[in-house]
Amino acid sequence: MYSHARKLVAPAIAGMLFAAPAAAELKIAFIDPLSGGAASTGILAQKTHQFYIDAINAAGGVNGEKITLLSFDNKVNPQESLIQLKKAIDDGARYVVQGNGSSVAHAITEAVLKHNERNPGKEVVFLNYAAVDPALTNEKCNFWHFRFDADADMKMAAMTDVMAKDGKVKSVYLINQDYSFGKAVAAAAKGMLAEKRPDIRIVGDELHPLQKVQDFSPYVAKIKAAGTDTVITGNWSNDMVLLIKAGKDAGLKVAWETYYGGSPGTVTAIGEAGVDTLKQVSEWHKNATPELDATVAAFAKRYPGAENEYTYWRAKTMWEIFAGAARKAQSNDPVKVSRALEGMKMQTPLGEVEMRADNHQLLQPLYVSTLSRNVKYDVENSGLGWKTDAKVEARSTSLPTTCKMERPK
């Protein structure tokens with residue numbers, strides 16, 4: 001019996017001894033809304049990040065490690081985000097990706113800073129792909145935060161440059177979400193219009209709850225009563241789609257100057273009523289280059305359907321520059337990668353991008369575009385697509401910063 005047992009156990013031990021070692025793994029946490037009113041935006045972002053991570057892994061990963069994306073639902077809630085952040089760090093995540101909601105980004109960046117101060121050698125880095133409150137790279141900046149989207153002021157500067165040349169703009173109504181980003185959009189609009197076109201009247205300045213309004217018709221009624229010709233809004237996800245839909249249903253005839261008119265569902269909601277009236281400022285659109293970028297086409301093939309309309313070009317930029325920084329550092333250690341990211345430049349199909357060393361704000365080209373009929377590539381199978389009104393080169397988007405950053409010794 002003893003001899004028989006030895007015969008059974010020996011091969012098992014040999015299998016354990018000679019089994020292939022587990023592949024090295026780099027854990028990165030994605031913390032964004034995967035349920036609730038902003039879920040469509042969060043889920044699309046999750047797919048986009050996974051798409052580019054899969055491409056990195058297929059090419060061998062970064063410094064021999066494959067990336068694993070750990071997803072956490074924060075419901076666009078700062079307190080919930082902190083709970084999920086702790087879970088992510090406990091699970092071994094050394095990088096955190098977030099974008100939807102600047103209030104969430106503020107909570108995460110402060111928590112990451114405190115964590116790193118208390119846990120030297122176990123630092124975490126925050127990769128921000130969409131939270132654009134200017135404070136995050138100004139008075140609230142820190143070494144552990146990198147932003148890969150243009151901030152609200154940078155986008156407003158591009159938008160108002162185009163508006164200033166449009167003699168049809170006589171009055172503006174501001175409607176935005178009631179939190180740090182929405183307030184930043186309103187403040188930037190008022191300040192920059194006063195400087196560039198002091199004759200334009202601000203006839204309304206409205207803030208509404210974030211991702212909680214189901215019927216925007218009362219707000220649209222106020223806009224209509226104000227008799228404005230232009231609406232400026234930073235609304236995103238459900239708040240963008242429902243606002244646009246309420247305006248169309250009410251027959252509101254205005255130019256929509258938006259940050260996120262390209263959010264999935266917006267063009268479908270407005271349809272033909274948005275031709276020559278729906279405008280956006282973004283880092284990319286389908287007709288920004290003569291031919292559609294290969295990764296955009298591949299994403300559409302992998303994730304078909306209007307609800308998966310490609311949106312996050314900045315995610316492509318983020319993952320390419322992150323992988324480049326890790327290769328340059330010859331390490332996936334957050335401190336070494338962060339140092340490599342500072343001042344890093346990269347050529348893209350749209351032009352050069354640069355991660356500013358002084359405040360960790362990416363400089364990239366920006367496009368102001370208008371929804372049009374006669375374009376090469378449409379969106380959401382609508383027959384309508386974006387046409388460039390103006391392109392601002394990366395260096396020209398740079399604004400002064402108040403960031404005073406302390407770096408690890």
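Read-outs: derived from the displayed coordinates by stated rules, not from any lab. Worth saying up front: this structure is predicted, and the values here are computed from it rather than measured. With ideal geometry, Cβ positions are generated from the backbone for all residues, glycine too; neighbour counts draw on all protein chains shown.
Some observations on this one:
- Separation of segment 255-332 and segment 27-45, taken as the distance between their Cα centroids, equals 16 angstrom.
- Farthest positive-ward along the chain dipole, Cα basis, beta-carbon charges - from 64, 398, 374: 64
- Highest mobility in the GNM of the chain, judged by mean-square fluctuation with C-alpha springs under 10 Å and restricted to 24, 226, 111, is found for 24.
- In order through segment 388-401: 3J(HN,Hα) via Karplus (6.51 cos²θ - 1.76 cosθ + 1.60), integer Hz, x for Gly, Pro: 5, 8, 7, 10, 10, 5, 3, 4, 6, 7, 5, 10, x, 10
- Only Lys, Arg, Asp and Glu carry charge here, each on its Cβ (+1 for the first two, -1 for the last two); on that basis segment 35-136 has a dipole of about 100 debye about its Cα centre.
- Taking GluC sites (Glu not before Pro) as exposed when their DSSP state is a loop state and no more than 12 other Cβ atoms lie within 10 Å, the longest site-free interval of the chain runs over 140-290.
- Linear extension gain, residue 248 paired with residue 402, 0.36 nm per residue minus alpha-carbon span: 51.3 nm
- Percent of Cα pairs exceeding the 20 Å cut-off, where the set is segment 225-368: 58 percent
- 0 to 90° range, to nearest 10: angle between helix 39-58 axis and the chain longest Cα axis: 50 degrees
- q = 0.14, 0.20 Å⁻¹, segment 153-282: log10 I(q)/I(0) [Debye, one scatterer per Cα]: -0.53, -1.17
- Proximal aspartates and glutamates relative to residue 87, as straight alpha-carbon distance under 17 Å, when same-chain residues fewer than 8 apart are discounted: 32, 73, 110, 123
- Local net charge near residue 163, Cβ-Cβ under 14 Å (Lys/Arg +1, Asp/Glu -1): +2
- Gain upon complete extension [residue 292, residue 222; 0.36 nm per residue less C-alpha separation]: 21.2 nm
- Near residue 95, the amide H atoms lying under 5 Å from its own belong to 29, 125; only residues 5 or more places off or on other chains count, and H is placed 1.01 Å from N.
- Integer Hz, Karplus 6.51/-1.76/1.60 couplings in order for segment 226-242, x for Gly and Pro: 6, x, 7, 9, 9, 10, 10, 9, x, 3, 9, 6, 4, 5, 6, 4, 5
- Here, the chain yields an orientationally averaged convex hull projection of 23.4 nm² when only Cα atoms define the hull.
- About its Cα centre, the dipole of the chain is roughly 660 debye, where the only charges are +1 on Lys and Arg Cβ and -1 on Asp and Glu Cβ.
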